[in-house]
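Visitor: Pasting a structure here, questions to come.
No lab work stands behind these numbers, since they all come straight from the coordinates. All values derive from a computational prediction rather than experimental measurement. Don't worry about glycine lacking a Cβ; one is built from the backbone with ideal geometry, like all the others, and counts go over all protein chains shown.
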Amino acid sequence: MMQLSLLLLALVTTGVAECRPKAASSGLRDLSAMSTSESSPLPSSSPSLTISPSILALKPSSNPGVSPSISTPSPSAISLPLVANSSTAVTPASTTTGTNSGDQKLSAGCGKGIGSGPAKGKTTAHVTVDSVDRMFIVEPPTTYDSSKPSKLLFLYHYWSGSAEGMAKDWIGMKALDTTNRFIYVAPQGIDKQWRNDHGSDVKFFDAMVSQIGEEYCIDLSGIWSTGLSFGAFMSHVLACERGGEVGGVEGVVVWSGAERVLSAANYTGTCNKQVAYFATHGTSDTTIPYDEGLTALLHVAKADACKVDTPKAPANGSKTYIVTDLDGCSKPVEWVSYDGDHGRYFGEKAGARVPMHVDLAWKFITRFL
């Protein structure tokens, strides 16, 4: 009996692993060296959510070029970890006021603030949200000019990650940025997580936008959020709760994400904000199932009035990916299905290890420049 108990314990403690990268050189720290407690995407004590039969489950095909099949599970067929959250939706905080310039809404920092040039470089900032001190890192472009509005690009870290880790090389994004149009922002999650308890992390986003807008000249209609894994949950939250708003997000990038930390409890998929959306997911993801990523995509696609066809998936073992641009959308929506597990890395780009298909994500973002 003792041997059986030890065996079961070993199986439980090794069941979930976050971001097992392929071997690569410099860049973000090697996540394969993490312990299970560091790398799990959600705590084992999380409550569960059972998907109702009205939500489609999409299963990737094992044959190349064949669309995933659609099935309707029974109420007990799928049990998902769910992060505790609030019973009410979060009302947007008042954001930095400024002036209109064509289709842009400019922040109060335009024409003043820190002036021109990289006067501060990469800095650490703080803001108080619900009586809690929150930290984030900001880096303006080297050509920053307070008379010209910049866009904001938020990068939300994975479970057990950090703002410092994301800001080290901005996961390869900054290396691809030849426009010098973006101010990069790396927020730090409470206990290295994005639980969004009582909407706290959405409030944190609002507060960062407001504070940064006071110091820098920001186009408040041109804000982007990106995230990896747990950070992808947070980017999806912003798509659903701040999408298309002035001081909200113009678009998001979701690497291996799902709907798990929205502010309203018992969330039913009423993600009704129109927003540009880019997402990638591995067909053999055992940490955040492929079905969950597709369900999140379909909710956004419905809000964007897309003609939703089930995206094709690559064959298992093919080591390929398929890009699907959804048709008829009010805002661009792109899905990248790749043959691989959770958060897989693909070698080097611009001298730093980067997430799967960061180049495709960057190409998507630059459509809006």
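Visitor: Under the Kirkwood approximation applied to all pairs of distinct alpha-carbon atoms, what is the hydrodynamic radius of the stretch 121-252 in Å?
Guide: About 14.5 Å for the stretch 121-252.
Visitor: I'd like the Kirkwood hydrodynamic radius of the stretch 178-239, using the inverse of the mean 1/r over distinct C-alpha pairs, in Å.
Guide: The Cα-based Kirkwood calculation yields 12.7 Å.
Visitor: Let me ask something additional. Using mean Cβ contacts within 10 Å as the protection proxy, how do 188-194, 104-110, 154-160 order, highest first?
Guide: Averaged packing, sorted descending, gives the order 154-160, 104-110, 188-194.
Visitor: State whether the stretch 171-323 is rounded, prolate or oblate according to the following rule on the C-alpha gyration tensor (a ≥ b ≥ c being the square roots of its eigenvalues): a/c under 1.5 gives rounded; otherwise a/b larger than b/c gives prolate, and the remaining case gives oblate.
Guide: Because a/c hits 1.5 or more and a/b exceeds b/c, the stretch 171-323 counts as prolate.
Visitor: Based on Cβ point charges of +1 for Lys and Arg and -1 for Asp and Glu, what charge dipole magnitude is obtained for the stretch 222-332 about its Cα centre, in debye rounded to the nearest 20?
Guide: Dipole of the stretch 222-332, to the nearest 20 debye: 60 debye.
Visitor: Now, a different point. Just to be sure I understand the model, the point goes 7 Å from the Cα along the line to the Cβ. What's the resulting Ser131 to Asp309 distance in nm?
Guide: Between Ser131 and Asp309, the simple spin-label model gives 5.5 nm.
Visitor: Any chance you could run the full-extension gain for Lys112 through Thr124? It's 0.36 nm times the residue separation minus the Cα-Cα distance, nm to one decimal.
Guide: Computed gain between Lys112 and Thr124 is 2.3 nm.
Visitor: How much length would be gained if the chain were fully extended between Asp341 and Gln274, taking 0.36 nm per residue of separation minus their Cα-Cα distance, in nm to one decimal?
Guide: 21.2 nm
Visitor: Could I have the simple spin-label model distance between Leu369 and Thr179, label points 7 Å from Cα toward Cβ, reported in nm to one decimal?
Guide: 0.5 nm
Visitor: With a point put 7 Å past each Cα toward its Cβ, work out how far Thr142 is from Lys192 in nm, to one decimal.
Guide: Reported label-point gap for Thr142 and Lys192 is 3.2 nm.
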